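Reading through the C-alpha cells given below for one structure.
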Amino acid sequence: MESIKSRLVLTIDTRKPIELREFVGLFVGLGNQFELHYAREHGVVRGTAKFYVQEIRKGSIIAELTPYIVPGGVLAGGALAGIKHANDLISFVKNVRSGISSLTKPKGRLANPTKGELSDYLKTVRSVAHDSNGSLSLAVYEDDDRRIAFEFDTQQARMAEANLIEQGLELERTDQADYERMLMVFTRTNVEHATTGKRSGELVEIEALHKKPLPIVYASKLAEERIRHEIAGTDENVYKKAFDVDVNVEMRGDMPIAYRLVAVHNVIDLPEEE
C-alpha cells in the first residue's frame with residue numbers, strides 16, 4: 001500500500017470496556033457507509049473504495065482509517081490505490097454528521113434509508129449508546145491539517161439508537177398481529193442475541209392472553225433490538241418495565257406455546273410495589 005495524505009481519525013472515549021461485537025460492528029458500520037457513499041458520489045459499484053485500519057493508538061481508542069480504491073478486488077490481484085485528496089472523506093463525514101444529527105432529535109428519522117443503512121447506523125452509535133458517559137468523534141486530516149470534525153455523546157447516541165430501532169420497525173411492520181397493544185412483562189431475560197424467527201432464551205408474561213410465562217420469538221431483528229435497548233442499553237431494571245406490544249400466539253393444539261413479537265410501541269415504568 002502506498003502512503004496517502006488524507007485519513008479519517010476515529011476517537012472513542014468510553015467509561016467502561018466496549019463489548020467486542022459492538023467494537024467490531026462500529027468499524028463494519030462505518031466501512032459499509034463509506035463504500036455506499038463513495039459509490040453514490042462517483043457512480044461506481046459498491047466496494048470500489050474501502051477503509052483500511054492504518055493504526056490504533058491507546059488512551060482513548062483512536063483509530064486511523066485510510067481509504068483505498070480496490071480495482072478488480074484484492075483477491076483478484078488488483079493493486080490498491082490510495083485516495084490522495086480529502087474531499088471524499090470530507091463529504092463522507094458531512095453525510096454521517098447529517099444522518100446522526102437528524103437522529104438525535106425527538107422522533108428523528110433518516111431520509112429514505114434501506115434496512116442495511118439503518119443497521120449500519122445502529123452499529124455506529126451502539127458502543128457509545130451503551131456506555132454511561134461516552135463519546136465518539138470523526139475527524140478528517142490532510143497531512144496535519146484537520147479539515148472537518150464532529151462528535152456525539154452517550155445521550156445523543158441513545159436517542160439515535162431509539163429512533164433507528166423505531167424507524168426500522170416501521171419498515172418491517174408488514175406482519176399482521178393477532179393481538180395488538182398488549183401489555184408484556186419479562187420473567188426471564190437473556191443478553192445474547194436471538195435468531196430471528198426462532199425461540200429466544202427469554203420468557204414473558206402477557207396476563208390478558210395466558211396465565212403462565214411463554215418463550216418469545218422475535219419476528220424481526222429490529223423488534224429484538226428495541227428490546228435489547230431496554231435490557232442492556234440502560235441502567236434501569238427491565239423487570240420493572242412493561243412493554244406495549246403487538247404479538248401473534250403460536251399454538252400446539254389448543255395450548256399456546258410461544259409469543260411471536262411483531263412490534264413494540266412503548267415502554268412503561270411499572271409502579272413500585274409497596
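The values are calculated or read from the model by the stated rules, or taken from the named source; none is laboratory data. Nothing here was measured: the structure is a model prediction, and the numbers come from that model. Here Cβ is always computed from backbone atoms with ideal geometry, including for glycine, and neighbour counts include all displayed protein chains. Side chains are part of the model used for accessible areas, which takes the heavy atoms of the whole protein and leaves out ligands, DNA and RNA. Shrake-Rupley method; radii C 1.70, N 1.55, O 1.52, S 1.80 Å.
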Taking the stated definitions as given, is E151 under 23 Å from N95 (Cβ atoms), at pLDDT 95 or above, more than 13 Å from the chain's Cα centre (by Cα) and of a type in the set (D, E, K, R)?
yes
For V44, which of the numbered conditions (1) assigned to a helix (DSSP H, G or I); (2) open to solvent by 30 Å² or more (accessible area, probe 1.4 Å) fails to hold?
(1)
Let me confirm something: among L89, L138, L164, L122, which residue is in a helix (DSSP H, G or I), within 18 Å of L65 (Cβ to Cβ) and touching a residue at least 40 places away in the same chain (Cβ under 8 Å)?
L89
Could you grab the pairs with beta carbons closer than 9 Å, sequence gap of 6+ or different chains, first residue in the stretch 4-30 and without any contact (Cβ under 8 Å) to a residue 60 or more places away in the chain and part of a helix (DSSP H, G or I), second one of a type in the set (K, R) and open to solvent by 40 Å² or more (accessible area, probe 1.4 Å)?
V24/K123; F27/K123
The correct count of residues that are modelled with pLDDT of 90 or more and among the polar types (S, T, N, Q) in the stretch 28-65 is 2
When G72 is run through (1) modelled with pLDDT under 90; (2) not in a loop (DSSP other than H, G, I, E, B), the failure sits at (2)
Limited to the stretch 144-155, what total is found for residues that are buried (at least 21 other Cβ atoms within 10 Å of the Cβ) and under 20 Å from Q54 (Cβ atoms)?
0
Checking L36 against (1) open to solvent by 40 Å² or more (accessible area, probe 1.4 Å); (2) in a helix (DSSP H, G or I); (3) of a type outside the set (G, A, S); (4) in contact (Cβ under 8 Å) with a residue 60 or more places away in the chain, the condition it does not meet
(1)
Among the candidates Y121, Y179, Y141, residue that is more than 26 Å from L203 (Cα to Cα) and open to solvent by 50 Å² or more (accessible area, probe 1.4 Å):
Y141
Give the residue, chosen from E202, E225, that is modelled with pLDDT of 80 or more, crowded, with 18+ Cβ neighbours inside 10 Å and assigned to a helix (DSSP H, G or I).
E225
Of all residues making up the stretch 228-270, the number that are over 30 Å from A157 (Cα atoms), of a type outside the set (D, E, K, R) and part of a loop (DSSP other than H, G, I, E, B)
1
So I216 clears everything in (1) closer than 16 Å to D246 by Cα; (2) at pLDDT 85 or above; (3) open to solvent by 50 Å² or more (accessible area, probe 1.4 Å); (4) of a type in the set (V, I, T) except one condition, right? Which one?
(3)
Sort through S101, S135, S91 and tell me the only one that's open to solvent by less than 30 Å² (accessible area, probe 1.4 Å) and hydroxyl-bearing (S, T, Y).
S135
